[in-house]
Amino acid sequence: MLSIIKSKWYPVTMKLLAAFAFLLIAAIMTLSHSASVPDEVCGENEVFKTCGRIGCHPSCDMVLHGSQCIGFSLRCGVGCYCKDGYARANGEKCVNIADCPKYVNQPAEDSSN
């Protein structure tokens, strides 16, 4: 054992072990955080993303007018996003893209009733 400590490779080996331990801890923390977020946090037809595109929430207006998320930030944003095949209607709930024509230019539902 003493010969390993006196080896010329000892500093390199320790640096590699330290780097591996750091990466392992970071991976475990990331996985445990994303696993700890319950699906109930988001609404119907939404998914929680730890790295969604900031400012790019496809809406029915965008879908029907052929708009895309151009020029929006490529940085990650944490939050609820519509599932694939769904778009946000009136800035609220996520609906199937096929149902978007029902929601465009319609007033948002009044939740005070």
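Quick note: the coordinates plus some simple rules give every number you see, no bench work behind them. Since this is a predicted model, take the numbers as computed values, not measurements. Here the Cβ is made from the backbone with ideal geometry for all residues, glycine too, and neighbour counts use every protein chain on show.
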Inset, instruction - Mind sorting Glu46, Glu92 by how few other Cβ atoms lie within 10 Å of their own Cβ, fewest first? - result: Glu92, Glu46
Inset, instruction - Kindly put Leu64, Leu17 in sequence by how many other C-beta atoms sit within 10 Å of each C-beta, fewest to most. - result: Leu17, Leu64
Legend entry - Cβ-based exposure ranking for Arg75, Arg53, Arg88, in which fewest neighbours within 10 Å come first: Arg75, Arg53, Arg88
Legend entry - Long-range HN-HN contacts of Ser59 with modeled amide H, under 5 Å: Arg88
